[in-house]
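Notes follow the structure.
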Amino acid sequence: MSPSPEAIAVAAILFVVIAAYALFGGADFGGGMWDLLAGRTERGAAPRELIDEAITPVWEANHVWLVFILVLLWTAFPPAFAAIMTALFVPLSLSLLGIVLRGVGFAFRHTAQRLRMQQLTGATFAAASLITPFFMGTVVGAVVTGQVPVHPAGNLLAAWTSPTAILTGFLFVAACAYVSAVFLVLEARQRGHQDLAGYFSRRATAAGVLTGALAGGTLAELSVSAPRVFDRLTGIALPLVAISIAAGIAVLGMLWLRWYHPLGLRATAAIAVAAVVFGWGLAQYPYLFPTSLSLAAGSAPTASLVAELVVAGLAVLLVAPGFALLYFLQQRRLLTAADTDADLRQAAQLGHALPGPAAAAPAPGRTRMATALVLAILAIRAIRDALSSRRRR
Amino acid sequence: MGAVAHVLAASPVPARSQMGSSLGFHIILACFGVAFAAVTLTAEWIGIRRGDAAALLLARRWSKVMAVLVAVGAVSGTVLSYEMGLLWPGLMGRFGAAIGLPFSLEGIFFFLEAIFVGVYLYGWRRLPAWAHWWSGVPIVVAGVLGAVSVVAANSWMNSPAGYTLSHGKLTSVDPVSVFFNAATPYEATHMVLAAYMVTGFLVAGVYAVGLLRGRRDRYHRLGFAIPFTWGGIAAPLQVMMGDVIARFVASNQPVKFAAMEYVARTSREVPEWLGGVLINGHVYLGASIPAFDSILVGFSPHTRVVGWDSVPAAQRPPLVSLIHLSFDLMVGIGFFLLALAAWQAWWWWFHRQLLVTAWFLVPAALSGVAAVAAMEAGWVVTEVGRQPWIVYHVLLVGNAVTPASGVPVTLGVILALYAVLTVVSIGVPMIMSRRWRRETPAEEDAEQVPYGPAPARASAAGPPGPPAAPRASSGGPEAP
């Protein structure tokens, strides 16, 4: 039985969302890692500040992608979702722990500045940035190697502690650090910090080389642990893998030549990540779990799949104008740091309102009493009518 | 110890406790996501319309608090999405195709809310006053629609519809019937009104404390009056809706209603119990009004009310006393808040003044906590009252819970983490408000909130450019 076109369409959307999360969420996690590795308080102050400025405005958006992944998975492919959540209970719980700790650290670190808790909250944030991608990587590794049974009887330690799964975990960590460092190079240049651009350029190169090595190692492992996926990765999905490798090398070349083209560098790094995610999707096709659960057997009824496609369309229709507005306002420089509330504070504390229409004067007491009485009588009659009509029925 | 762990792992109780505590925590923050924007926009409206600096200052500060609460809410919401699968794979595996649909819609509304919270926070200074006000309106709309979507998923569990099963497998789904199941209009209205009451009374409570301490300036009066008005408008509507919903539950989920009202046997002239604990079939320490429950259900003492004897013992909810007392608590607080709102409304109608007597302000200061308690009690009634079903009359909780061991551990971790999150979501606004009162304006301007614009020192370092990227989405840290 081959999968329905709707199932294929939803699966494609799912992989687009995963790629988006890998890119934006990955950069976000990577920022936390570089924060962790920035060294002692004084030495790491400048890079930490840059990371903070870059992450702060987009932090929550990355959760939205993750939530979309979960929702798409459970609506469109419920059996797969249930099996993954059961068998991989432990790594998923640990990745969730990371997400919560990041949130706590993030929400508190700005306010904590004067409480001398900044270091503690900052460390929480940074450490959590490491935990989440690693365990998400082991989850993906377990799924790719077909270690997740369709009807698991409980959590399976062996599924996500295989060499492939662990390697995938490290690969995710390295990839996050790499994407993030590339983006931070541009953030630094945009803000005029040439020294920081060099700082992150060196780190991006190192992380890029490490990511490449880990990717090669994972691929080699896959040839043993998941031969079918390996065959497709080196067969039908080979163009995507090649694109990813080429883009990765191109990014390293651009960094080496210091050709920091804002769009070019970003796009190339994004292609390197997205291509490998799509390659993974293509390599698994037509299986949700190779080779125990097929797309056809694991998808929801057609109406649910169509509804998900409609929702995806609606999301684009509703969210795109929102972004257009954001972009427009940003280009016009209308969204900017608030200068000061001092004027308002002064005016409010002096207690005199700026000129404007005064509050309406109260109506004479007798009129108000009469209105109140009329309203009360009307209300009582309405209630009585309602009750009596029901009793007759 | 090992035996205890085994028993805990085998029963759904730890999973239920974890889901309950996560939901109970998230729902309070969700209330702010739904209703705080409306309260803030009211203050801004007054500020712009009357050129009132105090109102504008309130709106600006509230928007900062909103940012903190939305940040924590995003985290606790993500936890809930995970937990749907981590704790209830039996539910999601079988019915994910149906119950997932309302969640998908909620995703869109959350996205929209996130985008416009960003515009609203960033836009304070440079956007024209009314343009900025309008940028907040989508937050209000998306908040309400998002709440309706999520509550629709819960309503579906209480009143499943729009699907066909064959041999225990979901074979077709009607998304519209799933979303608009019989319980959706009732539950959704109830929750949206609750959100406005919780937000209104909680925020008003903060300023009631200020008024009690003698800070009687316009800033504090407005800070009290605006949210209190929202809560006060929602309260009578809520009491009326509650009455309607109770009758719906009596017909749609009679066993749940029986537990709410201590109806053991199906009969006529059923008394209404106020308070009381059920032990071995006897109600102790309660007052009963003869035949009043029958009157409430069918407007006549002869109305037949279904008791829990209508189903076998295994299908009755546990902890009947908890359900009944939670219900009474919710209704009692509802009337208390209604009375409080009516008192102030009366005074305003005849004197055009805020009540500043301690007799009013002390209960008003506590009204927010009371509203939260009422909402939590209401969720206890809904959720515990549905037991032992996770999908009413379709799927038992015991068949939905994860077979994975380790839930007791995650329960412990979640409780500890939520204690920290509670400290964050109460502590951060408190620190901010203390700063607002004591420090110089310059320091207030330097303060950062999640999603908030970077402080002045950041832009001093480089050329003045637009903020790094719009917060929500497709720009990552790397701006499009």
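Every number here is computed from the coordinates shown, using simple stated rules; none is lab data. Not measured: the values here are computed from a predicted model. Every residue, glycine among them, receives a Cβ derived from its backbone with ideal geometry; neighbour counts consider all protein chains shown.
Worth pointing out:
- About its Cα centre, the dipole of the protein assembly as shown is roughly 1640 debye, where the only charges are +1 on Lys and Arg Cβ and -1 on Asp and Glu Cβ.
- For chain B, the dipole from Cβ point charges (+1 on Lys and Arg, -1 on Asp and Glu) about the Cα centre works out to 900 debye, to the nearest 20.
- Sorted from longest to shortest, the spans of the Cα atoms of segment A:290-329 along the three principal axes equal 50, 23, 6 Å.
- Relative contact order of chain B, pairs being alpha-carbon contacts under 8 Å that are 6 or more residues apart, as %: 19
- By other beta-carbon atoms within 10 Å, ranking B:CYS31, A:CYS176 with the fewest at the front produces B:CYS31, A:CYS176.
- Potential lengthening between B:VAL362 and B:VAL13 on full extension [0.36 nm per residue; Cα-Cα distance subtracted]: 121.8 nm
- Footprinting exposure proxy for B:LYS64, B:LYS256, B:LYS169 (fewest neighbouring C-beta atoms within 10 Å first): B:LYS169, B:LYS64, B:LYS256
- Taking 0.890 mPa s as the viscosity and 25 °C as the temperature, the Stokes-Einstein diffusion coefficient of segment B:160-244 based on its alpha-carbon Kirkwood radius rounds to 157 µm²/s.
- Sparse-neighbour loop sites [chymotrypsin sites (Phe, Trp or Tyr not before Pro); segment A:229-331; at most 14 other C-beta within 10 Å; DSSP]: A:TRP259
- Extension gain from A:THR291 to A:ARG228, taking 0.36 nm per residue of separation minus the Cα-Cα distance: 21.8 nm
- Inter-part distance where segment A:77-105 and segment B:202-268 are each reduced to a Cα centre, Å: 36
- Cβ-to-Cβ counts within 10 Å put B:LEU319, B:LEU222 in ascending order as B:LEU319, B:LEU222, the fewest first.
- Treating each Cα of segment B:68-183 as one equal point scatterer and applying the Debye formula with no solvent, the log10 of I(q)/I(0) at q = 0.11, 0.13, 0.17, 0.22 Å⁻¹ comes out as -0.46, -0.60, -0.87, -1.20.
- Full-stretch length increase - A:VAL150, A:ALA45 - with 0.36 nm per residue and alpha-carbon distance subtracted: 32.9 nm
- Under the simplified labelling scheme, the A:ALA382-B:TRP134 pair shows an inter-label distance of 3.3 nm, with each label point 7 Å from Cα along Cα→Cβ.
- Fraction of C-alpha pairs exceeding 21 angstrom in segment B:289-409: 62 percent, rounded to a whole number.
- Seen from a random direction on average, the alpha-carbon convex hull of the protein assembly as shown projects onto 38.3 square nanometres.
- Spin-label pair B:LEU212/B:VAL394, simplified geometry with 7 Å Cα→Cβ offset, distance in nm: 4.7
- Near B:LEU296: Cβ cut-off under 11 Å, other residues only, Lys/Arg at +1 and Asp/Glu at -1. The net charge is -3.
- When the trypsin sites (Lys or Arg not before Pro) in segment A:230-309 are filtered for DSSP coil states and for at most 13 other beta-carbon atoms within 10 Å of their beta-carbon, the remaining sites are A:ARG258.
- Each listed q (0.16, 0.17, 0.29, 0.32 Å⁻¹) maps to a log10 I(q)/I(0) for segment B:352-394, found by the Debye formula over equal Cα scatterers with no solvent: -0.58, -0.61, -0.92, -0.99.
- Remark: relative contact order (segment B:96-164) = 49 percent; criterion is Cα-Cα distance under 8 angstrom and separation of 6 or more residues.
- Bins of 5 Å, starting at 0 and running to the largest distance - Cα pair percent for segment A:176-236: 4, 19, 18, 13, 10, 11, 9, 8, 6, 2
- In segment B:132-172 the Cα-Cα distances spread across 10 Å bins starting at 0 as 24, 29, 23, 15, 7, 1 percent of all pairs.
- Applying 1/(1 + (r/R0)^6) with r as the Cβ-Cβ distance of B:ARG304 and A:LEU317 and R0 = 56 angstrom yields a FRET efficiency of 0.65.
- Pairs of alpha carbons in segment B:202-305 whose separation is greater than 18 Å (percent): 61
- With a Förster radius of 22 Å applied to the beta-carbon distance between B:LYS169 and A:LEU157, the computed FRET efficiency rounds to 0.15.
- Kirkwood analysis of segment B:49-127, using all unique Cα-Cα pairs, places the hydrodynamic radius at 15.3 Å.
- Each of B:ALA416 and A:ALA370 was given a label point 7 Å from its Cα along the Cα-to-Cβ line. The distance between the two points is 7.0 nm.
- Across peptide A:297-307, the mean count of Cβ atoms from other chains lying within 10 Å of each residue's own Cβ comes to 6.
- Cα point-scatterer Debye curve for segment B:31-95, base-10 log of I(q)/I(0) at q = 0.15, 0.16, 0.22, 0.27 Å⁻¹: -0.59, -0.62, -0.84, -1.01
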